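Just so you know, all these numbers are worked out from the coordinates, no wet-lab data involved. If you're wondering where the values come from, they're calculated on a predicted model, not measured in any experiment. Note: ideal-geometry Cβ built from the backbone for every residue, glycine included; neighbour counts use all protein chains shown.
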Amino acid sequence: MPESTDRFCKRLDEIFLWKIMSSIPQAVKWIGGINGFLELIDQRLLPGKFTKLHCHSVEQLYQAIKILAVRGAPAIGVAAAYGPILALQELADNSSLEQGLIAVNQSCEYLGSARPTAVNLFWALDRIQRKAQNIAVNSTANLRKFREDILAEAHAIYREDVEMCRKIGENGENFIKDGFGVLTHCNAGALATAGQGTALSIMFEASNRGKRFKVYADETRPLLQGARLTAWELKQAGIDVTVICDNMAGWLMKQGKINAVITGADRIAANGDTANKIGTYSLSILAKEHGIPFYIAAPSSTFDLSIESGAEIPIEQRAPDEIMTIAGTKFIPDGVSVYNPAFDVTPAQNITAIITEKGVIGKPNTERILKHLKPRTT
């Protein structure tokens, strides 16, 4: 392709990305310099009410993650990366680098306890800790410079997530054809990341290339992220979307209305077993039964090679109230038990391919995943 044409195509992609990102406000945004604060969209209130939270302390950020004001594995990781900056703001300007390192480590340990399943949270915090340790050991910088360097690392994590989202979309858009019906579960769009999403990025990119298709969004009980968030994002982007109850997916597949299932992920084991929002496992079985391809879209930071299989992935248990009440109204009788796991695990053999910013892993297994994630040499 001639260089001038290539530049033109890239510019078109940039314009489309701007269009998407301007229609969907940033879920996570740092305001100001080293004395700034973290701005989050309170996703609990969407789409009925658009409210932003301002986190000025680690405790406020922890609470925002815990109560799902900010959610989605990549977005949680990006938000948490800014937590140590908030912790460092509490130190006096004449504090030592050692005191700064202690503040970073303590804040990372604290934030890491907010939610156990999404590995991007720990990936981002570990990266910040390594950066802080390297500065403290190999530098004579003062605390101000230390703060600036930690903030720069958090910004780098943010920018990389934006780029990873774009590449996931580019690598996966060819799996959506004209006239397709695409099923997705929970929310894996701009609200769940720093960029244009993971699973939804594929849909945005397919739409950008002129493809016309229909998206079916599972409502995603009990917190309705599909009905509230995914449908809102797709509507903003002008993509045809229909919300269905979670228990309708199998019947739509039987009717031939679903040609592909695409979801995000919160943690992927070394063998390809994938944790995602509760209900994903059931969809993978239904898709397999009906001969429908089932795709996972996630950045490479979602892989956890320290665990061999999904059996080792910790599954977060949420409060019973999330199931017992809707819009403040209780509808389960007193004395009745509630079981509320936030995630389930889809076995690798049910997954057609995993789409990352590096490319596509078809029929994922341990060997293929290791090869995919291995740093490329030139």
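Across the chain, the mean sequence separation of Cα contacts (distance under 8 Å, 6 or more residues apart), normalised by length, yields a relative contact order of 15 percent. Ordering V137, L68, H54 by the projection of their Cα atoms onto the charge dipole of region 3-166, which places +1 on the Cβ of Lys and Arg and -1 on the Cβ of Asp and Glu, puts L68 at the extreme positive end. Counted without the sites themselves, the longest stretch of the chain free of GluC sites (Glu not before Pro) in a DSSP loop having at most 14 other beta carbon atoms within 10 Å is 91-307. Relative to the longest principal axis of the Cα atoms of the chain, helix 97-112 runs at roughly 20 degrees. On full extension, the segment bounded by A156 and L370 gains 74.6 nm, given 0.36 nm per residue less the C-alpha separation.
Using a Gaussian network model of the chain whose springs link C-alpha atoms within less than 10 Å, name the residue from N247, N208, N138 with the highest mean-square fluctuation. In the Gaussian network model the winner is N138. When the chain is treated as a Gaussian network with alpha carbon springs shorter than 10 Å, the biggest mean-square fluctuation among D178, D126, D246 belongs to D178.
If you model region 176-373 as an ellipsoid using its alpha carbon gyration tensor, with each semi-axis the square root of five times an eigenvalue, the axes come out at 25, 22, 16 Å, biggest first. Principal-axis analysis of the Cα atoms of the chain puts helix 199-208 at an angle of about 70° to the longest axis. Normalised by residue count, region 83-234 yields a Cα convex hull volume of 123 Å³ per residue. Computed from the alpha carbon positions, the gyration tensor of the chain leads to an equivalent ellipsoid with semi-axes of 33, 25, 21 Å, biggest first.
Rounded to the nearest 500, the helix-only mean residue ellipticity at 222 nm of the chain stands at -12500 deg cm²/dmol, with each DSSP H run of n ≥ 4 adding -39,500 (n - 2.57).
Partners of K214 within straight-line reach, counting lysines whose Cα lies under 17 Å from its Cα and excluding those fewer than 8 residues away in the same chain: K177, K235, K254, K257. Were the residues from Q106 through E316 laid out at 0.36 nm apart, the gain over their Cα-Cα distance would be 73.4 nm.
If you count, for each residue, the other Cβ atoms within 10 Å and average over each peptide, how do 264-276, 42-54, 293-305 line up from highest to lowest? Walk me through the numbers before you get to the answer.
Details: 264-276: 27.1, 42-54: 13.8, 293-305: 22.5.
Result, highest mean Cβ count within 10 Å first: 264-276, 293-305, 42-54.
Listed by chain and number, the lysines whose alpha-carbon sits under 21 Å from that of K374, ignoring those within fewer than 8 places in the same chain, are K167, K358, K363. A Förster distance of 45 Å, applied to the separation of the beta-carbon atoms of V336 and H56, puts the FRET efficiency at 0.65. Total lysine pairs in region 3-166 at Cα distances under 19 Å, for residues eight or more apart or on different chains: 7.
Residue separation of Q349 and W251 scaled by 0.36 nm, minus their Cα-Cα distance, works out to 33.0 nm of gained length.
Remark: region 3-166 carries a charge dipole of roughly 460 debye about the Cα centre, counting +1 on each Lys and Arg Cβ and -1 on each Asp and Glu Cβ. Counting DSSP beta bridges in region 176-373, what percent are antiparallel, to the nearest 5? Close to 40 percent.
Quick one: among R368, R115, R228, which has the greatest mean-square fluctuation in a GNM of the chain with alpha-carbon springs under 10 angstrom? Highest fluctuation of the listed residues: R368.
For the chain, the antiparallel share of DSSP beta bridges with both residues in that region comes to about 55%.
Computed over region 3-166, the convex hull of the alpha-carbon atoms projects to a mean area of 11.0 nm².
Between Q99 and S300, the modelled label-to-label distance comes to 3.9 nm, taking each label 7 Å out from Cα in the direction of the beta carbon.
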